[in-house]
Amino acid sequence: LRGGNASRIARGGMRSGLVFMFTAATRAFQRPRAPRRAVWTRRGDRATDADAPETARVTVETADGTRVISARRGELLRSALLRRGATPHNGNSMLINCRGLGTCGTCAMEITGDVEPAAPSARERLRLSFPPHELRPNLRLACQVVVQGDVRAKKFDGFWGARPTLAAAAAAETYFGELEYVLDAAAVRGPAPCPLCDGTEVVPC
């Protein structure tokens, strides 16, 4: 090969290698979307997914009472809370957290209801096995569960949310804007919550 052709081939190979590395790194951080579930009618006929309600009620319980927000089916619980002014984090952990990787444990909540996966993943169990957490029924990471129906979530006190008492209610702080959700592959992008009800109504205002 002539020197010019060899140089072009080398540059082309380098670009292809960089594209491959970037794509692999991106896919490594993406979380698979939750499977879309079919809806069954009383007669047993299979309906389309579009027939299912698009929203679900998420009840957040803190030491100050309960708040109900409307989340979209298929939305990660962490994203659903933050986008509507609620938060799965306490105090400084609103800033110091893993942004959805499931490694810091600061979004731990007691979660019951219709979520996927129904049982903690290996990643959740590993993180929640380390102090100050301890594995107990319904303890989940909000960044690792997808809302598929009505959900109830309790937030406990402390940086990691591991104390036995409920945390005080707090407004969400999203320091990095949309970058808060960059690792949430299943997050539903859409308009901001209604300014009248702040996303607390299940039906549109």
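Tabulated results
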| read-out | value |
| --- | --- |
| Selected residue (only one of Pro137, Pro88, Pro164 is crowded, with 17+ Cβ neighbours inside 10 Å and not charged (D, E, K, R)) | Pro88 |
| For Ser79: the one exception among (1) outside any loop (DSSP other than H, G, I, E, B); (2) over 14 Å from the mean Cα position of the chain (by Cα) | (2) |
| Answer residue from region 114-134, given it is among the basic types (Lys, Arg) and over 15 Å from the mean Cα position of the chain (by Cα) and is least open to solvent (accessible area, probe 1.4 Å) among those | Arg127 |
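The values are calculated or read from the model by the stated rules, or taken from the named source; none is laboratory data. All figures in this text were calculated on a predicted structure; none of them were measured in a lab. Neighbour counts are summed over all protein chains in view; Cβ atoms, including those assigned to glycine, are modelled from backbone coordinates with ideal geometry. Heads up: the accessible areas ignore ligands, DNA and RNA and are worked out on the full protein's heavy atoms, side chains in. Shrake-Rupley method; radii C 1.70, N 1.55, O 1.52, S 1.80 Å.
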